[in-house]
1. Among the numbered conditions (1) under 15 Å from the mean Cα position of the chain (by Cα); (2) free of Cβ contacts under 8 Å to residues at least 40 places away in the same chain; (3) assigned to a strand (DSSP E or B), tell me where residue 93 comes up short.
2. Kindly establish whether residue 72 is surrounded by fewer than 16 Cβ atoms within 10 Å (Cβ to Cβ) and in contact with a strand residue (DSSP E or B) (Cβ under 8 Å, 6 or more places away or on another chain).
3. Quick one: how many residues across the range 39-65 are assigned to a strand (DSSP E or B) and either within 25 Å of residue 110 (Cβ to Cβ) or touching a helix residue (DSSP H, G or I) at 6+ places or on another chain (Cβ under 6 Å) (or both)?
4. All but one of (1) in contact with a helix residue (DSSP H, G or I) (Cβ under 8 Å, 6 or more places away or on another chain); (2) touching a residue at least 40 places away in the same chain (Cβ under 8 Å) hold for residue 15; which doesn't?
5. Please verify whether residue 31 is within 12 Å of the chain's Cα centre (by Cα), assigned to a loop (DSSP other than H, G, I, E, B) and touching a residue at least 12 places away in the same chain (Cβ under 8 Å), treating the condition exactly as stated.
6. Has the range 4-15 got any residue that is in a helix (DSSP H, G or I) and closer than 21 Å to residue 131 by Cβ?
7. Looking only at the range 95-120, how many residues end up being surrounded by 16 or more Cβ atoms within 10 Å (Cβ to Cβ) and farther than 22 Å from residue 33 by Cα?
């Protein structure tokens with residue numbers, strides 16, 4: 001199952017967005033309600049109520065344009081989230097994509113919450129990046 005978030009405009013450079021997203025230590029700022037958080041620059045582990053333990057690591061980085069995360073969980077065969085960043089002069093566009101391999105009978109059940117999660121995630125990334133840009137430029 002493939003999903004894409006809404007494409008959003010962020011008032012920051014592609015470099016700032018990339019640097020924020022490519023450090024897993026930052027992910028907790030925009031992840032949904034998580035517990036048992038541990039992280040390094042390239043990976044993180046956490047728990048989400050109703051889903052369980054999650055392992056996430058960065059599997060690909062293309063400076064200032066793409067970051068790919070592989071996510072492991074005992075309920076999901078394969079889960080990949082990628083973020084594409086497009087420079088637009090003084091701002092940038094961000095879109096999230098996910099590819100999930102789950103049993104067919106689960107796909108329709110998890111599609112709506114996963115779509116909501118992806119859209120919420122890019123909105124939270126926008127908020128974090130723009131608020132950090134304001135804080136660091138003040």
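1. (2)
2. Criteria met by residue 72.
3. Matching residues across the range 39-65 total 16.
4. (1)
5. yes
6. yes
7. Here the count works out to 1.
Rule-based calculations on the coordinates, nothing more; no lab input. These numbers were taken from a predicted model, which means no experiment stands behind them. We place every Cβ from the backbone using ideal geometry, glycine too, and count neighbours over all the protein chains shown.
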